[in-house]
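The values are calculated or read from the model by the stated rules, or taken from the named source; none is laboratory data. This structure is a prediction, so every number in the text was calculated from the model and none was measured. Counting neighbours? That spans all protein chains shown, and the Cβs are built from the backbone with ideal geometry, glycine included.
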């Protein structure tokens, strides 16, 4: 945690820092007993493991899942936020954003947990992010309502969240039907004996799938808290966390060289654009922020990119590492790197005016820049892993009872439990590879419902109605909570605590 206890931090800021870190870890703790309960429901209701053993086992594998995660989902979540709040996360608005996201997510998760409803932490957090983005645009006089929300990323994320329950339902049902055709073992498809345990091989499969779901949940859901913690650290202690200080000398030199080459490309493109005096007088970061908000290439966009890439190249000239960059310059350097990286990604994808030979250079630059801003220190992973793992071991029973007893009209069978968890494990792991946040809750609950439908066991419609109501309400309620808490927090930090 080097740098967190920097004596130069003012007391109000220090209080906000620790408050934000505690809230972020609390979110993951609640996520543990709210979402991971789904992973242990099948092994508990098939008598494969005793409840105490199951939740400890699941908590341990959640812990390992977080530790080995890539970070792609963490920064995929961050990319949903308004660009100016990411760049200025250490401002009063940045603090308000972080607290609004965490408080609204925790409130909704605790409420649905109390009612025993397996709602989605992913939906909760993304709804809160949308609320913050919409309120931020509403309070900004210079932009239209909704401008600044990364709608393309929202669309990708929403599609993953909408499709994954359908995948869970259909695939688990199909898998159960195939198992009936291929595995002729009647005990797999009948209600488990009250005091008995499954055959050893079935028990092994069920424990394996519980392990897989727990590990996949940790590697996917655990990253959401990590992304928010990194935003907090970047805003408060940029000297230590704005850039990856472990970046090697050769990589720093490569960034400087590629930035210089990119500056030449952008200067050439800017020379072919008509002059725009008002835009040209703006700070390049403002021009690029506007480009990322609107997606509109202005005459000054290429000039701003040329200026920012030149600034990056100059800042890193003759530097052996990022530690050689003055501590008070690292936040602004990171902001420039972030803006260039995101702008280049969008231009390469959508701007036909880029010469073909420029694309490999720009893609190489973006890869180098992302490597120094998209990183998660080990202590952050360990802290989130502990919070998620401990949360798994506490408060799990409400959700487990719903999944195990209240979705279908009959008791969960061995084959149903294994089918639902195999599909959940595979779906979450695939989403992790592509950096997409999906809901463990939705995938596994839908999988259980799919097996009940395929087994013609019948579904408890009251429970399904409550689940659907919770799923449908999660986004709009969290949009509203995130927006209101952001507006209230902005007033608090600006007028009470005096943070700009």
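Taken together, 206, 188, 178 contain a single residue that is closer than 15 Å to residue 422 by Cβ, without any contact (Cβ under 8 Å) to a residue 12 or more places away in the chain, assigned to a helix (DSSP H, G or I) and assigned by TED's automatic domain parsing to the domain that holds residue 381, which is 178.
Going through 350, 343 one at a time, which residue ends up being more than 30 Å from residue 198 (Cβ to Cβ), outside the structural domain of residue 229 (by TED's automatic domain parsing) and at pLDDT below 90?
Values: 343 fails: at pLDDT below 90.
Of 350, 343, the one residue that is more than 30 Å from residue 198 (Cβ to Cβ), outside the structural domain of residue 229 (by TED's automatic domain parsing) and at pLDDT below 90 is 350.
Scan segment 320-344 for residues that are in a loop (DSSP other than H, G, I, E, B) and closer than 20 Å to residue 257 by Cβ and the total you get is 3.
May I ask you to say which residue of 253, 239, 193, 172 is more than 26 Å from residue 124 (Cβ to Cβ), at pLDDT 85 or above and either in contact with a helix residue (DSSP H, G or I) (Cβ under 9 Å, 6 or more places away or on another chain) or not in a helix (DSSP H, G or I) (or both)? After ruling out the rest, the residue left standing is 253. Any residue in segment 420-434 that is more than 23 Å from the chain's Cα centre (by Cα), closer than 21 Å to residue 301 by Cβ, at pLDDT below 85 and part of a helix (DSSP H, G or I)? Among the residues of segment 420-434, not one is more than 23 Å from the chain's Cα centre (by Cα), closer than 21 Å to residue 301 by Cβ, at pLDDT below 85 and part of a helix (DSSP H, G or I), which makes the answer no. Of all the residues in segment 345-375, those that are touching a residue at least 60 places away in the same chain (Cβ under 8 Å), over 16 Å from residue 257 (Cα atoms) and either part of a helix (DSSP H, G or I) or touching a strand residue (DSSP E or B) at 6+ places or on another chain (Cβ under 6 Å) (or both) number 1.
Being within 30 Å of the chain's Cα centre (by Cα) and free of Cβ contacts under 8 Å to residues at least 24 places away in the same chain is a condition met by no residue of segment 212-232. Considering the conditions (1) assigned to a helix (DSSP H, G or I); (2) in contact (Cβ under 8 Å) with a residue 12 or more places away in the chain, residue 69 is excluded by exactly one of them, (1).
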